[in-house]
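Student: First, the structure itself, so that you have it in front of you.
The values are calculated or read from the model by the stated rules, or taken from the named source; none is laboratory data. All of these numbers come straight from a predicted model, not from anything done at the bench. All Cβ positions, glycine included, derive from the backbone under ideal geometry; neighbour counts span all protein chains shown. To get the accessible areas, we keep the full protein, side chains included, count just its heavy atoms, and leave off ligands, DNA and RNA. Shrake-Rupley method; radii C 1.70, N 1.55, O 1.52, S 1.80 Å.
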Amino acid sequence: MTQATLHPSEIRLDDPAIFEEGRAHEVFRILRREAPVHWTPETENVKGFWSLTKYEDIVHVSRNPQIFSSERGITSFEPKEPDLNDVGTRLYGKMIITMDPPRHVRMRRLVNKGFTPRAVAAWEPHIREITNHILDGIAKKGEADFVTEVAALLPLAVICEIMGVPREDWEKMFQYTNQVLGGGDPEFQTDVPEELRGTPEGARQQINLGTAKMFQYFATKLAEHRAQPKEDLVQVLLESEVDGQKLTDEDILWFCFLLILAGNETTRNAIAGGLLALLEHPEEKQKILDNPGIMPIATEEIVRWTSPVLHMARVAKEDVEIRGVTIRKGERVVMWYPSANRDEDIFPDPYRFDVTRQPNDHIAFGIGEHYCLGANFARLEIRVMFEELFRRFPDIELAGPPARLRSTFIGGIKHLPVRFTPEA
Amino acid sequence: MRVVVDPDLCEGNRKCELAAPEVFRVGEDELARVLIERPPEELRAKVEQAARLCPRQAIRLFED
Ligand code: HEM
Ligand code: SF4
């Protein structure tokens, strides 16, 4: 193919096929070299946006929330005529991830004590138990879809337990998350008419429907918690105050929505993408089998390598320059994490998957004001999963090609067939 | 150089302590303390490294 000669002006980073077909790294390599501040022009209904692909530029933007705002959404997508009923528009300014300082830090401080290294470490025995319970489910079969039967279940279980969602509702949460974050993929557009599946309108409707179901679910929870207090994060939020004011129900529902989504889809794809990388690099997998003690370091490399959040966006609050390019007030700036984490100026041999890589200052969890609240949970889940998986199924191997998610936001794997020697 | 940690931002990720143990210590409360507010020049590189790596960008350096 002639991909190598692709010109930056031919590249559109709103094209999910780049990611679905696994061509993203080829495209990012060209952009980092030829057009590190790159413009994807508008389409009929959607505004154009700037793309940043260099590590240092992404750190700079993340560090300056007073100039690069999160309030008007954190994805590359901005319709020219926003429909005020769409989730994508309604979420402006509503969740910590779409808030700017000073309100952002006040809201984040309501919950962050539950996410510090020490608080999270206390969950380890429980997370190990859940992991083994999940692995019991495939142990006798000798084959599985690693995504739906394993990788998706652990982050789902953990975030549900943090939020006090009972086991019988986990499946529901799984569906809603897929519908909201994977709503652009026809596979998850189950609530919209057949003829709309795979269209932008189908995606729009599915995402709105998935969101409505999630809100309805947690609204019922709030009522239950008011009638009978529980010990979970929803209760913490119900009792919290910011500047002497209790949170509104709406504030709390958006918080729940964010935590369920952010806690689910991301870690799922780090685990699935991590296994894929390890099976494609058997010598790296062998290093972990020989010495499971390297898992904390390997975990960082898995997160760097997979970078499951493909991008976050900001809106410029004033005219600013990056590498001599003028970004106008109101324009959208998109930070591509998989590219930052393969930046030749930061990482020696960036295309080498190396489970002993140190230092490894990847920014897959972002950096600064909005640094991933759940990073310590994600790390623990990934580490424990591979410790237990390789302990029980050391000969696990691919049984077919992965199916990737059609999205420019989440680097997802929908299905990953594997086989292994079943347990007796 | 003068070093300050913003306690509103710090979440005890300990990157600072690893980069410059002479200057930062994370306490029982999971907040970083500055042990030497005006560290000597020879620690500058380590302190700058800590500030760069802090996930929350909670470390501020002043040249006053
Ligand atoms: C490998 C897994 C994960 C990755 C790659 C990831 C990535 C990210 C990134 C890049 C951001 C920064 C957003 C920005 O700068 O605009 C972020 C924020 C966030 N993440 Fe994660 N995340 C992961 C797992 C989790 C988990 C498990 C949870 C919850 C338990 C979580 C909850 C959040 C929340 C609440 C925010 C918003 C923080 C804020 O705005 O202050 N994430 N995540
Ligand atoms: S690295 Fe930053 S967030 Fe972590 S303990 Fe040090 S100052 Fe706090």
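Student: Tell me which of these A:Ile252 doesn't satisfy, since it passes every other one: (1) without any contact (Cβ under 8 Å) to a residue 12 or more places away in the chain; (2) open to solvent by less than 10 Å² (accessible area, probe 1.4 Å).
Tutor: Tallying (1) without any contact (Cβ under 8 Å) to a residue 12 or more places away in the chain; (2) open to solvent by less than 10 Å² (accessible area, probe 1.4 Å), A:Ile252 fails exactly one: (1).
Student: Identify all residues within the range A:24-64 that are open to solvent by less than 50 Å² (accessible area, probe 1.4 Å) and either of a type in the set (Lys, Arg) or within 16 Å of ligand 2 (Cβ to nearest atom) (or both); write none if there are none.
Tutor: Correct list: A:Arg32, A:Lys54, A:Val59, A:Ser62.
Student: Limited to the range A:161-184, what total is found for residues that are farther than 22 Å from A:Phe377 by Cα, surrounded by 22 or more Cβ atoms within 10 Å (Cβ to Cβ) and either out of contact with any Gly (no Cβ under 8 Å at 6 or more places or on another chain) or of a type in the set (Phe, Trp, Tyr) (or both)?
Tutor: Selection size over the range A:161-184: 1.
Student: Could you look through the range A:360-379, keep only residues that are among the aromatic types (Phe, Trp, Tyr) and open to solvent by less than 20 Å² (accessible area, probe 1.4 Å), and pick out the one that is nearest to ligand 1 (Cβ to nearest atom)?
Tutor: In the first step, residues of the range A:360-379 are kept if they are among the aromatic types (Phe, Trp, Tyr); the result is A:365, A:371, A:377.
Keeping just the survivors that are open to solvent by less than 20 Å² (accessible area, probe 1.4 Å) gives A:371, A:377.
Values: A:Tyr371: 7, A:Phe377: 4 Å.
Result: A:Phe377.
Residue-wise test of (1) within 16 Å of ligand 1 (Cβ to nearest atom); (2) closer than 30 Å to A:Pro417 by Cα; (3) within 14 Å of another protein chain (Cβ to nearest Cβ).
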residue: A:Leu259; (1), (2), (3): yes, yes, no
residue: A:Asn264; (1), (2), (3): yes, yes, no
residue: A:Ile271; (1), (2), (3): yes, yes, no
residue: A:Leu276; (1), (2), (3): yes, yes, no
residue: A:Ile288; (1), (2), (3): no, yes, no
residue: A:Thr299; (1), (2), (3): yes, yes, no
residue: A:Lys317; (1), (2), (3): yes, no, no
residue: A:Val320; (1), (2), (3): no, no, no
residue: A:Val334; (1), (2), (3): yes, no, no
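To keep it simple, each residue is scored yes or no on (1) of a type in the set (S, T, N, Q); (2) touching a Leu at 6+ places or on another chain (Cβ under 9 Å); (3) at the interface with chain A (Cβ under 10 Å from one of its Cβ atoms).
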| site | (1), (2), (3) |
| --- | --- |
| B:Asp6 | no, no, yes |
| B:Glu22 | no, yes, no |
| B:Val26 | no, no, yes |
| B:Glu30 | no, no, yes |
| B:Arg33 | no, no, no |
| B:Pro39 | no, no, no |
| B:Glu48 | no, yes, no |
| B:Leu53 | no, yes, yes |
| B:Glu63 | no, no, no |
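Student: Inspect the range A:144-160 for any residue being open to solvent by 60 Å² or more (accessible area, probe 1.4 Å), touching a residue at least 60 places away in the same chain (Cβ under 8 Å) and either of a type outside the set (Lys, Arg) or farther than 26 Å from B:Asp29 by Cα (or both) and give the result as yes or no.
Tutor: Looking through the range A:144-160, none of the residues is open to solvent by 60 Å² or more (accessible area, probe 1.4 Å), touching a residue at least 60 places away in the same chain (Cβ under 8 Å) and either of a type outside the set (Lys, Arg) or farther than 26 Å from B:Asp29 by Cα (or both).
Student: Just checking, which of A:Leu233, A:Leu247 is touching a Ser or Thr at 6+ places or on another chain (Cβ under 6 Å) and surrounded by fewer than 22 Cβ atoms within 10 Å (Cβ to Cβ)? First the steps, then the outcome.
Tutor: Values: A:Leu233 fails: touching a Ser or Thr at 6+ places or on another chain (Cβ under 6 Å).
Just one listed residue meets the conditions, A:Leu247.
Student: Same structure, new question: Could you give every pair whose Cβ atoms fall below 7 Å, whose first residue belongs to the range A:352-381 and is more than 13 Å from chain B (Cβ to nearest Cβ) and touching a residue at least 12 places away in the same chain (Cβ under 8 Å), and whose second residue is assigned to a loop (DSSP other than H, G, I, E, B) and not β-branched (Val, Ile, Thr), counting only separations of at least 6 or pairs across chains?
Tutor: Sorted first by the residue in the range A:352-381, then by its partner, the pairs are A:Phe353/A:His281; A:Leu380/A:Trp123.
Student: Let me ask another. Please find, within the range B:15-30, the residue that is nearest to ligand 1 (Cβ to nearest atom) out of those that are assigned to a loop (DSSP other than H, G, I, E, B), surrounded by 17 or more Cβ atoms within 10 Å (Cβ to Cβ) and not β-branched (Val, Ile, Thr). Break it down into steps so the answer makes sense when it comes.
Tutor: Of the residues in the range B:15-30, the ones assigned to a loop (DSSP other than H, G, I, E, B) are B:20-23, B:27-30.
Add one more test, that the residue is surrounded by 17 or more Cβ atoms within 10 Å (Cβ to Cβ), and what stays is B:20, B:23, B:30.
Remaining after also requiring not β-branched (Val, Ile, Thr): B:20, B:30.
Values: B:Ala20: 25, B:Glu30: 17 Å.
It comes out as B:Glu30.
Student: Still on this model: Is at least one residue of the range B:31-41 surrounded by fewer than 17 Cβ atoms within 10 Å (Cβ to Cβ), under 27 Å from A:Pro101 (Cα atoms) and more than 9 Å from ligand 2 (Cβ to nearest atom)?
Tutor: yes
Student: Taking interchain pairs and intrachain pairs at least six residues apart, which have beta carbon atoms under 8 angstrom, with the first residue in the range B:42-61 and outside any loop (DSSP other than H, G, I, E, B) and the second within 16 Å of ligand 1 (Cβ to nearest atom) and not small (Gly, Ala, Ser)?
Tutor: Qualifying pairs under 8 Å: B:Ala51/B:Gln57; B:Leu53/A:Asp361; B:Ile59/B:Asp6; B:Arg60/B:Asp6.
Student: Which of the residues that make up the range B:31-64 are among the β-branched types (Val, Ile, Thr) and either within 16 Å of ligand 1 (Cβ to nearest atom) or closer than 19 Å to A:Tyr371 by Cα (or both)? I'd like the intermediate steps shown before the answer.
Tutor: Of the range B:31-64, the ones among the β-branched types (Val, Ile, Thr) are B:34, B:36, B:47, B:59.
Once the filter is applied, which keeps residues that are among the β-branched types (Val, Ile, Thr) and either within 16 Å of ligand 1 (Cβ to nearest atom) or closer than 19 Å to A:Tyr371 by Cα (or both), the range B:31-64 yields only B:Ile59.
Student: Could I ask something else about it? Report those helices (runs of 4 or more DSSP H) wholly inside the range A:69-130 carrying at least 3 residues which are within 14 Å of another protein chain (Cβ to nearest Cβ) and open to solvent by less than 10 Å² (accessible area, probe 1.4 Å).
Tutor: Where helices (runs of 4 or more DSSP H) fall fully within the range A:69-130 and carry at least 3 residues being within 14 Å of another protein chain (Cβ to nearest Cβ) and open to solvent by less than 10 Å² (accessible area, probe 1.4 Å), they are A:103-111.
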